[in-house]
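Pasting a structure here, questions to come.
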Amino acid sequence: MRIAVASGKGGTGKTTVATSLALSLASDSTRPPPLFLDCDVEAPNAHLFLRPTFERRQEVGILIPRVDESKCTHCGKCAEVCQYHAIAVLGKKVLVFAQLCHGCGSCALICPEHAISEVPDVMGVLEFGTTRAGIVFARGVMNVGEPMAVPVIRQLKKWIAPQPNQIVIMDAPPGTTCPVVESVRSADFLLLVTEPTPFGLHDLKLAAQIARELNLPAGVVINRDGIGDAGVEEFCAAERLPILMRIPFDRAIAEGIAQGQTLVDMRPECLSSFQSLFNQVRILVEAPA
Ligand code: SF4
Ligand code: SF4
């Protein structure tokens, strides 16, 4: 089972929930420890809480075109086929804009002179390790200034195959843009973390729309419960989004998280709350549609 943890914006406690859920699953000896994928490749931070020892590293990227000018007749077909405007023919010159290229290979395929070869463009690295609790941990880290997160996330998700019965937790990037959609696309369940404020409600609405569009079962964790207003609860009731867990607002928790502690490090009694959260998710995933 793949559980994606997402939120419409940063700072809602998404990684707090994802890491403590992983630790609670790792404490259950009846199944293999979970596989944790930090898909927030622009600003990965789950390693600060789970502290894996990295054992393997691999560069990741896409293939971009390289034009052999001696074969090129400047026919312009490559520029016509590229929907991302990443290749242009200007007079007797062919220009490749690597930062716009999605590595689809169409230009190389269509070139009648076979003047285009494909060369690797490294966008970042994938890293793999294990934590002291036995959690299998992998993350992607994009190179600074790299504009496209989606290829890195896609390759991270393919890189490590889960064992049978192993639960996969995917910590999605914040927001509701393409990298989030790519992160949650193959999930069996989308766990939406929010806070009970008008800002939280605004972003929850956007995140819930992703669940609807991808036809994913979803549920909500309310972080910092006790602040704000009833807007999130009313929205969840109207949308039939189950509220699966509430984490009360507590300044000591916020301070501990800022120092790199997980919720279950600080409050071991929360282990059973996260196990109960997982059991609710499992019931919802296994429920007939
Ligand atoms: S399709 Fe090939 S031959 Fe035509 S302009 Fe592009 S690189 Fe040159
Ligand atoms: S590989 Fe695809 S995206 Fe990149 S330049 Fe060629 S056609 Fe455009």
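Please compute the net charge surrounding residue 225, taking Lys and Arg as +1 and Asp and Glu as -1 over other residues with Cβ under 11 Å from its Cβ.
After counting each charged neighbour, the total is -1.
Given Cα pairs under 8 Å that are at least 6 residues apart, what percent is the relative contact order of the stretch 62-122? Spell out each step's value before the answer.
On the way: 106 pairs, mean separation 30.2, N = 61.
Averaging sequence separation for qualifying contacts and normalising by length gives 50 percent for the stretch 62-122.
About its Cα centre, what dipole magnitude does the chain give when the only charges are +1 on Lys and Arg Cβ and -1 on Asp and Glu Cβ, stated in debye to the nearest 20?
Working: 26 positive and 30 negative charges, 89 e Å.
Its charge dipole is roughly 420 debye.
Ordering 85, 102, 74 from largest to smallest accessible area (1.4 angstrom probe), what's the sequence?
Details: 85 135, 102 85, 74 45 Å².
Per-residue accessible area, sorted high to low, gives 85, 102, 74.
If you don't mind, another one. What is the distance in Å between the Cα centres of the stretch 236-289 and the stretch 19-66?
First find each Cα centre; the distance between them is then 19 Å.
Could you sort 157, 92 by accessible area so the largest value comes first, with the probe set to 1.4 Å? Each step should come with its number before you reach the end.
Working: 157 25, 92 160 Å².
Ranking 157, 92 by accessible area, largest first, yields 92, 157.
Still on this structure: When we measure straight from the Cα of residue 93, which lysines land under 30 angstrom away, once same-chain ones fewer than 8 places off are left out?
Filter leaves 71, 77.
Using the Cβ atoms and a cut-off under 12 Å, what net charge is assigned to the surroundings of residue 109, where Lys and Arg are +1 and Asp and Glu are -1?
Values: positive: 77; negative: 118.
Cβ neighbours under 12 Å give a net charge of 0.
I'd like the carbon and sulfur percentage of the solvent accessible area for the chain, probe radius 1.4 Å, heavy atoms only, ligands and nucleic acids excluded.
53 percent
Tell me which residues come under 5 Å, amide H to amide H, from residue 225 once H is placed; ignore anything under 5 positions away on its chain.
247, 249
Taking the alpha-carbon centroid of each part, what is the distance from the stretch 83-101 to the stretch 129-165 in angstrom?
Spelled out, the Cα-based centre of one part sits 31 Å from the other.
Per DSSP helix of 4 or more residues, -39500 (n - 2.57); summed, then divided by the residues of the chain. What does that give at 222 nm, rounded to the nearest 500? Each step should come with its number before you reach the end.
Values: 11 runs with 99 residues, N = 289.
Result for the chain, helices only: -9500 deg cm²/dmol.
Could you do me a favour and compute the accessible area per residue for the stretch 62-122, 1.4 Å probe, result in Å²? Don't jump to the answer; show the numbers that get you there.
On the way: 3810 Å² over 61 residues.
Each residue of the stretch 62-122 exposes 62 Å² on average to a 1.4 Å probe.
Are there GluC sites (Glu not before Pro) in the stretch 31-128 that DSSP marks as loop and that have at most 11 other Cβ atoms within 10 Å, and which are they?
Numbers: sites: 42, 55, 59, 69, 80, 113, 118, 127; in loops: 42, 69, 113.
Qualifying residues, ordered by number: 69.
Related question: Net charge around residue 56, counting only other residues with Cβ within less than 13 Å of its Cβ (Lys, Arg = +1; Asp, Glu = -1)? Working shown, then result.
Numbers: positive: 57, 139; negative: 55, 59, 127.
Its environment carries a net charge of -1.
Whenever you get a sec, line up 225, 171, 265 from highest to lowest accessible area (probe 1.4 Å, protein heavy atoms).
Details: 225 45, 171 0, 265 80 Å².
Descending order: 265, 225, 171.
Still on this structure, please answer the following. Return a whole-number percent for the relative contact order of the chain, with Cα pairs under 8 Å and 6 or more residues apart as the contact set. Don't jump to the answer; show the numbers that get you there.
Numbers: 589 pairs, mean separation 77.3, N = 289.
Normalised by residue count, the contact order of the chain is 27 percent.
Less than 19 Å apart at the alpha-carbon level, and either on another chain or at least 8 residues along: which aspartates and glutamates does that give for residue 158?
Straight-line reach from residue 158, under 19 Å: 38, 40, 42, 55, 59, 121, 127, 171, 182, 188.
Considering only protein heavy atoms, what is the solvent-accessible area of residue 29 at a probe of 1.4 Å, reported in Å² to the nearest 10?
Roughly 110 Å² of residue 29 is accessible to a 1.4 Å probe.
If I ignore ligands, DNA and RNA and count only protein heavy atoms, how much of residue 249 is accessible to a 1.4 Å probe, in Å² to the nearest 10?
Spelled out: residue 249, probe radius 1.4 Å, area about 100 Å².
Shifting gears a bit: Work out the charge dipole of the chain with +1 on the Cβ of Lys and Arg and -1 on the Cβ of Asp and Glu about the Cα centre, then indicate which of 53, 151, 104 is farthest towards its positive end.
104
Give, rounded to the nearest 20 debye, the magnitude of the charge dipole that the stretch 147-289 has about its Cα centre when Lys and Arg contribute +1 at Cβ and Asp and Glu contribute -1 at Cβ.
Numbers: 12 positive and 16 negative charges, 99 e Å.
Here the stretch 147-289 has a charge dipole of around 480 debye.
Nearest 5 is fine: what % of DSSP beta bridges in the chain come out antiparallel, could you say? Walk me through the intermediate numbers first.
Working: 25 of 52 bridges.
Just about 50 percent of them are antiparallel.
Considering only DSSP states other than H, G, I, E and B, which trypsin sites (Lys or Arg not before Pro) in the stretch 210-289 qualify as loop sites with at most 16 other Cβ atoms within 10 Å? Let's see the in-between values first.
Working: sites: 212, 224, 240, 246, 251, 282; in loops: 240.
Those satisfying the criteria are 240.
The values are calculated or read from the model by the stated rules, or taken from the named source; none is laboratory data. Values in this document were obtained by computation on a predicted structure and should not be read as measured data. Note that we place each Cβ from the backbone using ideal geometry, even for glycine, and neighbour counts take in every protein chain shown. Note: accessible area is taken over every heavy atom of the protein model, side chains too, but ligands, DNA and RNA are not part of it. Shrake-Rupley method; radii C 1.70, N 1.55, O 1.52, S 1.80 Å.
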